[in-house]
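Notes to accompany the following structure.
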Amino acid sequence: MSKTGKQSQLLLIIWYPAPGDESKSVPLPQGWRCYKSPEGCRYYVNTGSKETTWKRPSATYGTPVRPPAQRNSLPEGNINLFSSSSSFPSSSPSDVSQKPLSLVSHSLEFISQLFCIQINCVTFPLPSVTPDQPEQQLLKPNEWSYCDYFWTDKKDPQGTPSVGGFEVLLQKQLKGKQMQKEMAEFVRERIKIEDEYSKNLSKLSQSPLAAQEEGTLGEAWAQLKRSCHDEAEVHLKFSNKLQCEVEKPLLTFRDNFKKELKKYDHHIIDLRKQLASRYAGVEKARKALADRQKDLEVKTQQLDIKHMNKHEEDIKKARRKSTQAGDDLMHNVDLYNRAQSKWFEEMVTTSLELERLEVERVEMIRQNLRQYTTLRHETDMFNQSTVEPVDQLLQSVDPAKDRELWVQEHKTGDLRPVDMDI
């Protein structure tokens, strides 16, 4: 991993006691630990009272009680893990020219390999490095919530730049919006079909075809034509209800849904840009600190060779610059952590909002499709009612009766012809 694999909060400094410094070889009183400041000066911390001092405590310096070991207790040995919460003695040591024999500043990337990594400017913990370090718990266990599973970026299998977890969520919502639009278009096409069908049925019902049919069959035929007109009215009502009760709600919800997505999209993008900017500030400050420490080390080595006042002044100046660089780094780390915390909070809130919107979208579509099926059943029922009279009349069709009625109306005489007499 490149720059993204660096730790922004930790600095590792190891020192070794100078030869012949007997006071340093004597064990510290119980509860005291020795650490190094960024400029290379020793200071001492009482792990019980949290007292700090530049002066090495003697064996008679108080009787602090060592608290039980805790997960966040100070590290053992002469290793200093600085963070934004680290504290140093309030005053400078009286002998700032005192120096250790060797000051080794280890790479922050080495520390990040032990504790955490940065991926696209976001800091993530590595798997537990100690048995007692608890793993992160899900924010909403057993719910498969959006706020738990979209923190890292997704690598595109086609080799294009990675896609952020929020972008994956957003793309799902945009796809849902598009599907809703297509559903509304489908209903719109069904409305057009119903309108056209209604017009054609109405026109057909007025056709003069077979209008001269008589008798019970003529009555059934006339009723069938009237049923076409009634059915046309049913389909016209069905079309109007589809438009008001299905298509319009789909389009209205889609427009509101689109506005919500746009608002959340811009907000999270802005926060991610701020986070990237803060991360760049941390990287710049880290590089500046490394340069200052390197300069301090070079000047310290020169002082070992030439004991000159000018070199001592240069070392003091280099230490001040190194301290300032360390302060700048911690300040930038603090700004970065605040930006990441704000991004984290908004990611949780926004992902839960997207989750809510998705549930509302699916539920709204489900209700509208159920309304569609209800209207369709009603239409079938009304259509059935329009043909029931036709069925009844068709059952009453009687060719014999029709013949009787027709003969009575149109008979020309019942006298039959007879043979002629000679």
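Comparing T300, L375, Q340 along the charge dipole axis of the range 281-418, the residue lying farthest to the positive side is T300, per the Cβ-charge model.
Ranked from the most accessible area to the least, with a 1.4 Å probe and all protein chains present, what is the order of Y44, Y149?
Output order, biggest surface exposure first: Y149, Y44.
Rounded to two decimals, the Cα radius of gyration of the range 341-402 over 2.2 N^0.38 Å is 2.57. When each of the peptides 313-321, 385-393 is scored by how many other beta carbons lie within 10 Å of its residues on average, the order from highest to lowest is 313-321, 385-393.
With N set to the residue count of the range 252-356, report its C-alpha Rg divided by 2.2 N^0.38 Å to two decimal places.
The value comes to 1.80.
Separation of the alpha carbons by more than 25 angstrom is noted, of K154/K262; K241/K262; K140/K248; K241/K263, for K241/K262; K140/K248; K241/K263. Averaging Cα coordinates gives a centre for the range 349-422 and one for the range 252-270; these two points are 48 Å apart. For the range 358-415, the list of trypsin sites (Lys or Arg not before Pro) that fall in a loop by DSSP and count at most 14 other C-beta atoms within 10 angstrom reads K411.
What is the calculated FRET efficiency for Y149 to L174, with r their C-beta to C-beta distance and R₀ = 22 Å, to the nearest 0.05? About 0.75, to the nearest 0.05.
The values are calculated or read from the model by the stated rules, or taken from the named source; none is laboratory data. These numbers were taken from a predicted model, which means no experiment stands behind them. A quick note on method: Cβ atoms are made from the backbone with ideal geometry, for glycine too, and the neighbour counts reach across all protein chains shown. We work out accessible area using only protein heavy atoms, side chains counted, and drop any ligands, DNA or RNA first. Shrake-Rupley method; radii C 1.70, N 1.55, O 1.52, S 1.80 Å.
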